[in-house]
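The values are calculated or read from the model by the stated rules, or taken from the named source; none is laboratory data. For clarity, every value in this text was computed on a predicted model and none was experimentally measured.
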Amino acid sequence: MSKTKSASETAMAEIAIPPESPLPSPAEPEHTENRRVFRDRVYTSRVLVMDDDRTIEVSKGQAVALDDQQYDYLNAHPEMKPLQE
């Protein structure tokens, strides 16, 4: 018992990305020398929203402050701890 492929299944197979194609690298922030890393003591993944509606992503239990406002926010947050470099 064999099933024939529909036209849409055939079309999908034709536009599949070959496995040897490199994946695009994630964009790096411009000012990497000012990055200050904090450890989230509660969550491994979440998004923090600052008062000015900017967001700071926590990933793998770490958040990165890219400017002084983000640093002040994370430093004042009771669940965040600065990592020693």
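Some notes on this structure:
- Taken over segment 36-80, the residue count meeting the criterion of being part of a loop (DSSP other than H, G, I, E, B) and among the basic types (Lys, Arg) is 3.
- Count of segment 52-85 residues which are at pLDDT below 95 and of a type in the set (S, T, N, Q): 1
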